[in-house]
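J.: Just dropping this structure here.
The values are calculated or read from the model by the stated rules, or taken from the named source; none is laboratory data. Since this is a predicted model, take the numbers as computed values, not measurements. Every residue, glycine as well, gets a Cβ built from its backbone with ideal geometry; the counts of neighbours run over all protein chains shown. The area values use the complete protein model at the heavy-atom level, side chains included, leaving out ligands, DNA and RNA. Shrake-Rupley method; radii C 1.70, N 1.55, O 1.52, S 1.80 Å.
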Amino acid sequence: PVEWIVKPEGGLWRDGLEGGQPVRQASQKASHRLATDPTRPPDPRETHEKLADLSPARTMKPSTAVITLSVLSALCSSATLASAAPGTLSKTSPLYPALQQAKGAFKCDGDDCVFTLSDQTGPNGECVNPKIPRIPGNANPTMEEFCAYHQSNPAEQWEMPFRSSQPLNPTVPNGKLIGCIVGNNLFAQEARLLPGWQGKGYNATTGVFTNLVELGLLDDPNAYPGRFYPDYDPVDGVSWKLDYSVNSQIPIIGPVYNFVMDRLMPGRYIRNMGGFEDHMRELAPGVWMGQVYALPYMLSWDLALGNPTPFMINVGVPFILFQSCES
């Protein structure tokens, strides 16, 4: 069975703002003055006293006033800080607008959603090495032991963890994520024939990802680049979409050129990744899972069968990635 870590949930801002009693007292005092002597002009000292009674500090409970002061202090201090705190996604990233639109699919504190970079999740923005999930008979496996075990087991066992990982963690993939293709079906075994695949590299500043290939003296950290962003799928819901498609923006013939390059022509290492897209989610802190989909009418130039249908198909090739803290 697949075992994965569940993040503990906790509530914030449980206290509400409760006021009213001092306000009612001030209103009663004003009514008494008008009732006893409606022609008497207001005393400035009384007016000052009423305004003081109506101030937030008087109308709040002590615990609420402390919360309010802490909020004001945070707002004042944030005015002197940069646009993003250490470890959080900058508002200048092209991912920021897309995340604001999709934040309903993430675990957020109300309307406020702070998106943390996956390689800077520590208290001071440092990288935290993930805990490799246990496997039968080994509570603390290495990544290699974890991968070897799950490469000999059915890929279908990963369907439930992927589908149950909603809402999504507010973590943005960044830096190197290394791992393996899991599952013992034909398509997973065929995908592992792509030599030297180590994982993926992400740049949250630009919204661009690449595949990491190492084979002997060959070190290619820029293989099969693409764009990543949160996107909705009618079957899976919202996931991180890894989009390999060409976006040439050539006038008139651009769509035809993009289709040919994406789905008909061979790629850098024979396989044409433009005919695929990946959907990825974080299952546990620093542990990510992705699924591969073949786009309609794509032609494969290697052992993959391609997809001649008009539908997008899950090809049954799940992959597991772990956050790397190595530069």
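J.: Give me the net charge for the shell around Ala105: Cβ to Cβ below 15 angstrom, other residues only, Lys and Arg +1, Asp and Glu -1.
T.: Cβ neighbours under 15 Å give a net charge of -1.
J.: Going by amide H atoms built from the backbone, whose H comes under 5 Å of the H on Gly183, apart from near neighbours?
T.: Gln151, Ser152, Asn153
J.: Classify region 99-162: rounded, prolate or oblate, from the alpha-carbon gyration tensor (a ≥ b ≥ c, eigenvalue square roots; a/c under 1.5 rounded; otherwise prolate if a/b is larger than b/c)?
T.: Oblate shape, in that a/c is at least 1.5 and b/c is the bigger or equal ratio.
J.: In addition: Local charge sum around Gly290 (other residues, Cβ-Cβ under 12 Å, Lys/Arg +1, Asp/Glu -1)?
T.: -1
J.: Could you tell me whether region 161-205 comes out rounded, prolate or oblate from its Cα gyration tensor? Rule is a ≥ b ≥ c as square roots of the eigenvalues, rounded for a/c under 1.5, then prolate if a/b exceeds b/c, otherwise oblate.
T.: oblate
J.: Report the label-to-label distance for Asn184 and Ala139 in nanometres (one decimal), using points 7 Å from each Cα along the Cα→Cβ vector.
T.: The modelled label-to-label distance comes out at 2.7 nm.
J.: In addition: Residue separation times 0.36 nm, minus the C-alpha to C-alpha distance between Gln157 and Val235: what's the value?
T.: Result for the pair: 26.3 nm of gain on full extension.
J.: When the accessible area of region 124-219 is computed with all protein chains present and a 1.4 Å probe, what percentage of it is carbon and sulfur?
T.: 57
J.: OK, next. At a Förster radius of 56 Å, what calculated FRET efficiency corresponds to the Cβ-Cβ distance of Asp219 and Asp111, to the nearest 0.05?
T.: Rounded to the nearest 0.05, the efficiency is 0.80.
J.: Any idea of Leu194's accessible area? Nearest 10 Å², probe 1.4 Å.
T.: Approximately 40 Å² of Leu194 is accessible to the 1.4 Å probe.
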